[in-house]
Every structure is written in C-alpha cells, then in structure tokens.
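Beneath this line is the structure, given in structure tokens, with notes to follow.
The values are calculated or read from the model by the stated rules, or taken from the named source; none is laboratory data. Everything quoted here is computed from the prediction, not taken from an experiment. Here the Cβ positions follow ideal geometry from the backbone for every residue, glycine too, while neighbour counts run over all protein chains shown. These area figures cover heavy atoms from the full protein model, side chains too; ligands, DNA and RNA do not enter into them. Shrake-Rupley method; radii C 1.70, N 1.55, O 1.52, S 1.80 Å.
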Amino acid sequence: GAVVSQHPSWVICKSGTSVKIECRSLDFQATTMFWYRQFPKQSLMLMATSNEGSKATYEQGVEKDKFLINHASLTLSTLTVTSAHPEDSSFYICSALIMRNEQFFGPGTRLTVL
Amino acid sequence: AQSVTQLGSHVSVSEGALVLLRCNYSSSVPPYLFWYVQYPNQGLQLLLKYTSAATLVKGINGFEAEFKKSETSFHLTKPSAHMSDAAEYFCAVSGNTDKLIFGTGTRLQVFP
C-alpha cells in the first residue's frame, strides 16, 4: 500500500524556537495533504489542508502565522511550528490524499516544548 | 455539517469474544464512513471504508462494519478478539470534501 513518512518522529525543543516537521508521500504523488494534531487520549483535529503550489487552508481557530505550511512539491509538505510554547506540545500527524476520500497517514511526530 | 459519535470511550473484551465498537454519524450529504486503528505513538491505519457500494463492508484483520442508514450507524465488529487487536479505534466521516471528521475514539482492551 501507499506509504507516508514523517520526520522527525519525535522532537524536543526549547520554548521560543521553531520546529519543522516533514511529511512525504514515498511512492505516490499527493496534490493534497492534511495536518492534524492529537492531544493525549484525544481524537485527531484537522489543522489545515495543504495543497501543492498554493496556500494552505486553515481550519477555524488555527493560527496560520504560527503553524506555517509549505507544500512545495507533489511528495513533500512541511509544517513549521514557529516560536513554540509548551502548549504546542502534541502529536502531529499528516496524511496524503491518494484518491477521492482516501487518505494515507504518516506515523506522527511527537513534539515536546520545554 | 457532519459529525461522528462513538459510544463508549473504553471497551473491554476477553480474547475470543465478539468485538463491537459503536459509531453513529450525522451528515447532510451521502456520507463516506471509515474506521481507523491507532497503536500507541503511531499514525492511523485504515481498517475499512464505506463508499455507498455494499452496506456490509469487510476490512483487514477480520473486522467488518455495516452501514445502516435508518439508524445512522456504522458499527465495527469482529467475531473473535485477539490480543493484538488492543488499540484505539476511530470512526470518521467525510462528504463532499475530502476532509475527515473523527469521532473521539474507543480504546479496546483485550484480556486473556
């Protein structure tokens, strides 16, 4: 099946620094990718839809200046958490749209902000 | 608007027993429905999906789900639980867009 990778799998950073998370579709091209965050023991919340070659579409309540998304190629989308704070600590998961209404998910990135 | 309700945040069964995880949906358009499984610190794996074809959908690892429009339900079942089935299960819905709306999840525990 289709494979989506994320890098890094976990990251620890100091408060105020920026962190970049990569999401790659390894064996298919994805014009659309999604970014989710998941707090402990909670469900996934969609943050934004990333479209190759255009600006990302953010869900209500998600700060676009804090969570910068770039989808520069058909196989790579990046999420940058700028000026991270402890409340940004979470599990971030990306997915790639392989066909209508079918997403393949990455393994997730655990972000801990000290 | 669409939403998903998963009844029961925790379900415990004995190994070999029937697994039943409940999911009810709300959708203003014909829905696409999904069940995903998540193991600790991992992403989501698709178990099965309903896309308006057969109402009884068979998935991986012996799971299946039945779409019941009259009950707005899409419950997940497996005849005989295995220890390896212990995980978090999410029901999700989508409609005219490709966005997924997830339920709050059900943690399945399997006892020997």
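A:Phe28 passes every criterion in (1) in a strand (DSSP E or B); (2) more than 12 Å from chain B (Cβ to nearest Cβ); (3) not small (Gly, Ala, Ser) apart from (1). Of B:Thr51, B:Thr97, B:Thr77, B:Thr55, which residue is of a type in the set (Ser, Thr, Tyr) and in contact (Cβ under 8 Å) with a residue 40 or more places away in the chain? Matching residue, one of B:Thr51, B:Thr97, B:Thr77, B:Thr55: B:Thr77.
Quick one: would you say A:Thr78 is surrounded by fewer than 17 Cβ atoms within 10 Å (Cβ to Cβ) and either of a type outside the set (A, V, I, L, M, F, W, C) or within 24 Å of B:Ser94 (Cβ to Cβ) (or both)? No.
Name the single residue that is farthest from the other protein chains (Cβ to nearest Cβ) among those in the range B:86-111 being in contact with an Asp or Glu (Cβ under 9 Å, 6 or more places away or on another chain) and either modelled with pLDDT of 95 or more or open to solvent by less than 10 Å² (accessible area, probe 1.4 Å) (or both). Per the criteria, the residue is B:Phe111. Taken over the range A:21-32, residues that are open to solvent by less than 80 Å² (accessible area, probe 1.4 Å) and over 17 Å from B:Gln42 (Cβ atoms) amount to 5. Just checking, does the range A:29-47 include any residue being farther than 13 Å from A:Val4 by Cα and touching a residue at least 60 places away in the same chain (Cβ under 8 Å)? Yes; the residues of the range A:29-47 include at least one that is farther than 13 Å from A:Val4 by Cα and touching a residue at least 60 places away in the same chain (Cβ under 8 Å). The residues listed here are B:Ser3, B:Ser70; of these, the one that is more than 13 Å from chain A (Cβ to nearest Cβ) and open to solvent by 30 Å² or more (accessible area, probe 1.4 Å) is B:Ser70. Scanning the range B:12-32 for residues that are more than 10 Å from every other protein chain (Cβ to nearest Cβ) and within 13 Å of the chain's Cα centre (by Cα) yields B:Val19, B:Leu20, B:Leu21, B:Arg22, B:Cys23, B:Asn24, B:Tyr25. Of the residues making up the range A:98-112, those that are more than 16 Å from A:Ser9 (Cβ to Cβ) and open to solvent by less than 30 Å² (accessible area, probe 1.4 Å) are A:Asn101, A:Glu102, A:Gln103.
Got at least one residue in the range B:33-45 being away from chain A (no Cβ under 11 Å), under 17 Å from A:Arg100 (Cα atoms) and in contact with a strand residue (DSSP E or B) (Cβ under 6 Å, 6 or more places away or on another chain)? Yes, the range B:33-45 has at least one match. Determine, yes or no, whether B:Ser9 is of a type outside the set (Lys, Arg), open to solvent by 60 Å² or more (accessible area, probe 1.4 Å) and closer than 16 Å to B:Gly103 by Cα. It is true that B:Ser9 is of a type outside the set (Lys, Arg), open to solvent by 60 Å² or more (accessible area, probe 1.4 Å) and closer than 16 Å to B:Gly103 by Cα. Name the one entry in A:Ser90, A:Ser73, A:Ser18 that is more than 8 Å from chain B (Cβ to nearest Cβ), touching a residue at least 24 places away in the same chain (Cβ under 8 Å) and open to solvent by 20 Å² or more (accessible area, probe 1.4 Å). Answer to the selection: A:Ser18.
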